[in-house]
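Have a look at the structure below before the remarks.
The values are calculated or read from the model by the stated rules, or taken from the named source; none is laboratory data. Keep in mind that this is a model prediction, so the values were computed, not measured. Note: ideal-geometry Cβ built from the backbone for every residue, glycine included; neighbour counts use all protein chains shown. When the accessible area is computed, the model is the full protein with side chains, heavy atoms only, and any ligands, DNA or RNA have been set aside. Shrake-Rupley method; radii C 1.70, N 1.55, O 1.52, S 1.80 Å.
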Amino acid sequence: METGKNAVGGAPGAPNGDGSSGDDNRGDDDNAGSPSPTRPTGRDEVRSAVMREARRLLSDRGPNVPLRDIADAAQVNLGLIHRHIGRKDALLTEVMQDAVRYGAARLEDLDDAGEAARGMLLGASSHPEISRLLAWLALDREAAFPPMLDPSQRPAAALRRMTSPPPAGDVELLLVFTAVYAWPVLRGALLDALDIPVADREGIDERLADLLARVITGDR
């Protein structure tokens, strides 16, 4: 596997790199050359393209994916990543914290822990990139886990604040987060290991989500 730096938690805004060495300065000018119509230009477009491709490549290949590969996929010059985001550890931090902040924001207006747990599982199943990246980081002994957000800003804190109904306890929360982060990674392997027929797999995410909703609230 490959290495990473510190990041589950919260908000984009990692320190910028200096972009001062070798190829990192190649094409630092946002207007250098004649960009194609689809080539990102300007800070916002560059950051959006880089974050999108970083999320995809980091989840597919692990935290040691070369920064140049991310730049190429995003169709930006490597120096622009250093200018607008920073070095690779900063980019990894931004990807993870952005995902956690987004997840927490989706829970802000909910007060039903069961509904929240259901939505978390279905969301992770639909967009498994962060679950895969977490698996890479957990299994790579050389990887440093990205810095977390303040505990009060994490999805677990949002779930604990819910009251109608509330989570039954920490064990139930642990089970929910285990499912949310592991199911998107192991889904295919587990279905195959249990020899679940293809015809019976339709709607299985929804059924599992419904079960988690009952478990987290203690509704057995």
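At-a-glance table
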read-out: Inter-label distance, nm, simple model (7 Å from Cα along the C-beta direction), Ala157/Leu174; value: 2.2 nm
read-out: Top positive-direction residue, dipole computed over the range 90-220 with Cβ charges, set Ala116, Leu173, Ile130; value: Leu173
read-out: Accessible-area composition of the range 51-136, carbon plus sulfur, in percent [1.4 Å probe]; value: 46 percent
read-out: 1.4 Å probe accessible area per residue over the range 71-162, in Å²; value: 46 Å²
read-out: Pairwise label distance in nanometres, Arg56 with Asp150, each label 7 Å out on the Cα-Cβ vector; value: 3.5 nm
read-out: Estimated inter-spin distance, Thr38 and Asp72, nm [label 7 Å along Cα→Cβ]; value: 1.6 nm
